[in-house]
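Trainee: What follows is a structure written as structure tokens; I'll ask about it next.
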Amino acid sequence: MQFLKKLPVNLLKRANFRHQTTIEVQGHDYLKDDLPPKFVKVLPPSKYGGEYLVTLLTGSSNIGKQGANFIKHLFEVAKVPVAFERIQLGPDETACPMEYLQSVQRNRHAIHVDLQHDPDEKRKQLLLNNDLDLYMGIINVNSIEGYKCRYPDVDITVLMKNNAGNFSKLEYAPVPGIVETLRIMDRKYIERYFNFVFHYAMENNHKKITFGHQELEFPLSDGLYNKIGCGMYEDLKPDLEFELMPIHELVRKIVLAPNQFDVICTTDRYGTIVASIASAVCGGASLFSSTERGDHHAVFKPLQTRLSVTDSGTLSPYGIVRACIDLLHYLGETDCARVLYEELMTTMICRNIKTREFGGSDSGEFVICDIVNRLKCKTY
């Protein structure tokens, strides 16, 4: 927080004002959240009789219910030692439901099926990220032959900061007509973020990390990220390359030459944009999944569950299956994850079973059924 010393005194007073519960912004009560919690309630691992217990969050829509049934069917047929605690949210809930939060605290793992990009859903997710301190967002995108990727051999992992910063929601109006937004940086949270990035890259045999920033426009905040990242890289001396790249140049190169990237990391300000562009270059968000992780909890979800914006009632199966694969890797069931991934690729490439979004004529149900039918013949 050293950079706060250089701010004007009146701004420092307003920064300290964040601890107040609510303020009135142009006639509306606005809740002001604190930084991520210093203490997160951690319960013993939820593994009983050799079986993992995982929270399965479904929305009230048919898409959510159908996706949840697909997941349960996949795990039952594959004989994977995972049981689900199903939590269904109604459409009238405006905050993160306590039942869901407590379920994830008990089980430590969750799959979130039905993603709806509206303000209420976004607010629920931000509350969950802060309450469980899910500070890392992990998205892996890769080129798949025949699925709209213009470049072969693309394999990019995006590691983005998932709470604090912009997600602290420190926005208010000191006087009518003027709005101020505070983006609070804390050295210990930045160090924790880069520590995860470097160790994740080393454990998964990555060779290069690219950090996207805007130090020219934000010399104190983004400059602090760059300083800490370079310092930790010099201290750790990992066997990989670490480079800094302005965000506009990073985005341009993702579109024109994505093969040069291995791991891309960036802050909460640019993470969603970078992940969206990288997934679009590799064929579309419906092909991939994302993971939100903390030190003790993890939530797995598809990047997009709808087949497309225009056909919102049709399920896209690819991201759901890949979210299941991510969960299995996280639980240490690597053999099961490998087999499920191989069967997904067999369905998509070898058997050429595609949904309409990628030029095929098959439904999401048919894609899942094709995988399930072959899994019935497998022995783990």
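The values are calculated or read from the model by the stated rules, or taken from the named source; none is laboratory data. No experiment lies behind these values; they were computed from the predicted model shown. We place every Cβ from the backbone using ideal geometry, glycine too, and count neighbours over all the protein chains shown. Side chains included, ligands, DNA and RNA excluded: accessible areas come from the protein's heavy atoms. Shrake-Rupley method; radii C 1.70, N 1.55, O 1.52, S 1.80 Å.
Trainee: Do we have Tyr147 as of a type outside the set (Lys, Arg), in contact with a helix residue (DSSP H, G or I) (Cβ under 6 Å, 6 or more places away or on another chain), open to solvent by 30 Å² or more (accessible area, probe 1.4 Å) and at pLDDT 85 or above here?
Mentor: no
Trainee: Then there's this: State which residue pairs qualify: first residue modelled with pLDDT of 50 or more and inside the stretch 89-107, second residue in a helix (DSSP H, G or I) and of a type in the set (A, V, I, L, M) in any location, beta carbons under 9 Å apart, and separation of 6 or more residues or different chains.
Mentor: Final answer for the pair search is Cys96/Leu126; Cys96/Leu127; Cys96/Leu128; Tyr100/Leu128; Leu101/Leu127; Leu101/Leu128; Val104/Leu128.
Trainee: Consider only pairs whose beta carbons are under 9 Å apart and that are at least six residues apart or on different chains; among these, list those whose first residue lies in the stretch 203-221 and is open to solvent by 70 Å² or more (accessible area, probe 1.4 Å) and whose second residue is assigned to a strand (DSSP E or B) and of a type in the set (A, V, I, L, M).
Mentor: The qualifying pairs are Asn204/Val263; Lys207/Val263; Glu215/Leu244.
Trainee: When you scan the stretch 215-261, how many residues do you find that are hydrophobic (A, V, I, L, M, F, W, C) and assigned to a helix (DSSP H, G or I)?
Mentor: Within the stretch 215-261, residues that are hydrophobic (A, V, I, L, M, F, W, C) and assigned to a helix (DSSP H, G or I) number 11.
Trainee: I would also like to ask the following. Here are Val179, Val154, Val175: which of them is β-branched (Val, Ile, Thr) and at pLDDT 90 or above?
Mentor: Val154
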